[in-house]
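Working notes, structure below.
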Amino acid sequence: MKNTVVVGAQWGDEGKAKVTDLLAQNADMIIRYQGGCNAGHTVVVDEKTYKFHLVPSGILYKDKICYIGPGTVIHPEMFMKEILGLVKNGIDLSNLKISPLASITMPYHLDIENAVENDAKTSNKIGTTKKGIGPTYTDKMARVGFKIQDLYSPDALKNNIFHSLNSINPKLQSYGLKTYSKYDLELLCHKYAEYFAPYIDLDWQEKLSEYKKEKKTILFEGAQGVMLDVDYGTYPFVTSSNPIAGGAAVGSGYGPSTIEDVIGVSKAYMTRVGEGSFITELTDEIGEKLREIGHEYGTTTGRPRRCGWFDAVVAKYAVLVSGLTSMAITKLDVFDDFDEIKICTAYKDTRTGKISSSYPTQVFEHKFFEPIYEVHKGWKCDISNVRNYDDLPQLAKDYLKRLEELFEIPISIISVGPDREQTIFL
Ligand code: IMP
């Protein structure tokens, strides 16, 4: 296997964890490069379900190095909860490492996010996962945040506590929230230093250089998806990091020349959680059917996901901005009982009548765009036991071939169920 990035090609929840888990077999190291515990990655092995938020799912393999990279944000209590859950399940964590450059989500980041999201006067309600992601990245960029390495330097702590309090307390006060003292933050930081101590990788530069020389195979694990990217997604209804493949170069500690392959992951249909435009959304009984058959409820928040037909305009956009080299199509089996299946091939701008397959990035204009659909006949049989492409019904092959034509890269993996075994490699 080449050094590969696995990236969500939709709005997250595409089934990246399963694809990552499959590819991790052939990798030496798995690096999570952005986001935090807003992500919810589910892996099913031998009918046992494992849920991950921050820890790379590659940890299920004993011999893989799993690395939480510099581009991530870590909520210490949620991290500990995840760790304890894994230990309880008998998972060996000796290969889990955290970059000292990763940022810390402080309790006040959650306080602020809750206040902003619940403020009726706030026009930009994003429908976040309320894990403090936006406020943590905001402080990181404003240079008043905490990195994990700061926990082990008295001078850094002194400096950062001073500056973060100056920045955060006026904001907390403006929402009528409890402010923090120097002592509060010192106590928290000492506790966090203990939490992270077993996993912190202070020798990361030597190690990464060594792995590079040894030509270790790296799998870069993305969270969320291209359409939630802060630069390329449906801004402002996005997350606060860069899930696109380019984000792997920034958030992993390895530069872009290390990346050799980029696999996008798309469901055979679309879903989205939270606010924001979704042009192929189905608010009727078909959307409901997709939600029920596909179990489309958030792993992290339990929220029902919005569902819709496959949008090839989005897929083409993801291929472009993430430099995808192939696509994995997941949940194809969800269509087993559908008489007809639609694919959106382009949008019509109702103001001008213009039809285009380029994604309009100004989301506040999306109310003027209508999806143009083509209709495919459903295969109406159970494909969850199919393991070879040739054994798929012709109508399923036709659907996949058409997707490939539209997004102009090959499909490399097809998933027909949650288990590792329920996979077709091409
Ligand atoms: P945040 O990342 O919690 O700030 O949320 C920002 C937006 O990204 C919201 O619409 C969330 O629903 C969405 N989001 C964040 N993480 C995920 C994910 O793992 N899957 C799907 N949507 C996500």
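The values are calculated or read from the model by the stated rules, or taken from the named source; none is laboratory data. These numbers come from a predicted model, not from an experiment. Every residue, glycine as well, gets a Cβ built from its backbone with ideal geometry; the counts of neighbours run over all protein chains shown. SASA here: full protein model, heavy atoms, side chains in, ligands and nucleic acids out. Shrake-Rupley method; radii C 1.70, N 1.55, O 1.52, S 1.80 Å.
Yes or no: V273 under 22 Å from G36 (Cα atoms), among the hydrophobic types (A, V, I, L, M, F, W, C), within 11 Å of the ligand (Cβ to nearest atom) and out of contact with any Leu (no Cβ under 9 Å at 6 or more places or on another chain)?
Yes: the conditions hold for V273.
It is to be established whether one or more residues within the stretch 56-64 are open to solvent by 10 Å² or more (accessible area, probe 1.4 Å) and either on the phi > 0 side of the Ramachandran plot or hydrophobic (A, V, I, L, M, F, W, C) (or both).
The answer is yes; a qualifying residue exists.
What do you reckon, is T105 of a type in the set (V, I, T) and either open to solvent by 60 Å² or more (accessible area, probe 1.4 Å) or closer than 21 Å to G71 by Cα (or both)?
It is true that T105 is of a type in the set (V, I, T) and either open to solvent by 60 Å² or more (accessible area, probe 1.4 Å) or closer than 21 Å to G71 by Cα (or both).
Kindly indicate whether any position in the stretch 101-119 is out of contact with any Pro (no Cβ under 8 Å at 6 or more places or on another chain), of a type in the set (G, A, S) and at pLDDT below 95.
yes
Of all residues in the stretch 86-100, which are over 15 Å from L202 (Cα atoms) and touching a residue at least 24 places away in the same chain (Cβ under 8 Å)? Outline the logic, then answer.
Keep residues of the stretch 86-100 that are over 15 Å from L202 (Cα atoms), which gives 86-94.
Result: L86, N89, I91, D92, L93.
Hey, can you tell me all the residues within the stretch 203-236 that are open to solvent by 30 Å² or more (accessible area, probe 1.4 Å) and touching a helix residue (DSSP H, G or I) at 6+ places or on another chain (Cβ under 9 Å)?
Within the stretch 203-236, K212, K216, V230, D231, Y232, Y235 qualify.
Looking for something within 16 Å of the ligand (Cβ to nearest atom) and outside any helix (DSSP H, G or I) - is there at least one such residue anywhere in the stretch 190-200?
Here is the first cut: in the stretch 190-200, the residues within 16 Å of the ligand (Cβ to nearest atom) are none.
No, every residue in the stretch 190-200 fails to be within 16 Å of the ligand (Cβ to nearest atom) and outside any helix (DSSP H, G or I).
If you check S241, S266, which single one turns out to be among the hydroxyl-bearing types (S, T, Y) and either under 30 Å from R387 (Cβ atoms) or open to solvent by 20 Å² or more (accessible area, probe 1.4 Å) (or both)?
After applying the criteria, what remains is S266.
For residues that are small (G, A, S) and within 16 Å of the ligand (Cβ to nearest atom), tally how many sit in the stretch 226-270.
Step one: of the stretch 226-270, the residues small (G, A, S) are 233, 240-241, 245-249, 251-253, 255, 257, 264, 266, 268.
Now narrow it down to the ones that are within 16 Å of the ligand (Cβ to nearest atom): 233, 240-241, 247, 251, 264, 266.
So the answer is 7.
Tell me which of these N169 doesn't satisfy, since it passes every other one: (1) at pLDDT 95 or above; (2) open to solvent by 50 Å² or more (accessible area, probe 1.4 Å).
Here N169 clears every test but (2).
Does any residue in the stretch 204-222 that is of a type in the set (V, I, T) come within less than 7 Å, Cβ to Cβ, of a residue that is part of a strand (DSSP E or B) six or more places away or on a different chain, and which pairs are these?
Pairs that qualify, where the first residue is of a type in the set (V, I, T) and the partner is part of a strand (DSSP E or B), are I218/M29; I218/I31.
Do you know which residues across the stretch 298-324 are farther than 18 Å from V273 by Cβ and not small (G, A, S)?
Once the filter is applied, which keeps residues that are farther than 18 Å from V273 by Cβ and not small (G, A, S), the stretch 298-324 yields V313, K316, Y317, V319, L320, V321, L324.
Filter the strands (runs of 3 or more DSSP E) completely within the stretch 326-390 down to those with at least 1 residues that are open to solvent by less than 30 Å² (accessible area, probe 1.4 Å) and touching a helix residue (DSSP H, G or I) at 6+ places or on another chain (Cβ under 6 Å).
Numbers: elements: 326-330, 340-349, 369-377.
Answer list for the stretch 326-390: 326-330, 340-349.
Going through the stretch 276-290 one residue at a time, which ones are surrounded by fewer than 19 Cβ atoms within 10 Å (Cβ to Cβ) and either of a type in the set (S, T, Y) or within 16 Å of the ligand (Cβ to nearest atom) (or both)?
Result: S277, E281, T283.
Of all residues being of a type in the set (F, W, Y) and at pLDDT 95 or above in the stretch 172-201, which is most open to solvent (accessible area, probe 1.4 Å)? Just the residue, please.
Y183
Can you tell me which residue in the stretch 129-166 is nearest to L110 (Cα to Cα), limited to those that are part of a loop (DSSP other than H, G, I, E, B), modelled with pLDDT of 95 or more and not charged (D, E, K, R)?
Only one residue tops the list, namely G132.
Name every residue in the stretch 134-147 that is open to solvent by less than 10 Å² (accessible area, probe 1.4 Å) and among the hydroxyl-bearing types (S, T, Y), in order of residue number.
We begin by selecting, within the stretch 134-147, every residue open to solvent by less than 10 Å² (accessible area, probe 1.4 Å); these are 136, 139, 146.
If the condition is that a residue be open to solvent by less than 10 Å² (accessible area, probe 1.4 Å) and among the hydroxyl-bearing types (S, T, Y), then T136 is the only one that fits.
The rows are residues; the columns are (1) within 16 Å of the ligand (Cβ to nearest atom); (2) under 30 Å from A156 (Cβ atoms).
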residue: V7; (1), (2): yes, no
residue: T42; (1), (2): yes, no
residue: K51; (1), (2): yes, no
residue: K62; (1), (2): no, no
residue: P76; (1), (2): no, yes
residue: L86; (1), (2): no, yes
residue: G90; (1), (2): no, no
residue: S103; (1), (2): yes, yes
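Condition test on T258, is it of a type in the set (S, T, Y), touching a helix residue (DSSP H, G or I) at 6+ places or on another chain (Cβ under 8 Å) and crowded, with 22+ Cβ neighbours inside 10 Å? Working first, answer last.
Details: of a type in the set (S, T, Y): yes; touching a helix residue (DSSP H, G or I) at 6+ places or on another chain (Cβ under 8 Å): yes; crowded, with 22+ Cβ neighbours inside 10 Å: no.
Criteria not met by T258.
Criterion first (crowded, with 21+ Cβ neighbours inside 10 Å and closer than 25 Å to Y137 by Cβ) does V43 satisfy it? Don't jump to the end; show me each part of the working.
Numbers: crowded, with 21+ Cβ neighbours inside 10 Å: yes; closer than 25 Å to Y137 by Cβ: no.
Judged against the criteria, V43 is not a match.
Specify the residue that is nearest to the ligand (Cβ to nearest atom); the eligible residues are those in the stretch 116-133 that are among the small types (G, A, S) and open to solvent by 20 Å² or more (accessible area, probe 1.4 Å).
S123
Considering only residues that are away from the ligand (no atom under 16 Å from the Cβ), buried (at least 17 other Cβ atoms within 10 Å of the Cβ) and among the hydrophobic types (A, V, I, L, M, F, W, C), which ones fall in the stretch 294-325?
W309, F310, A312, V313, A315, V319, V321, L324, listed by residue number.
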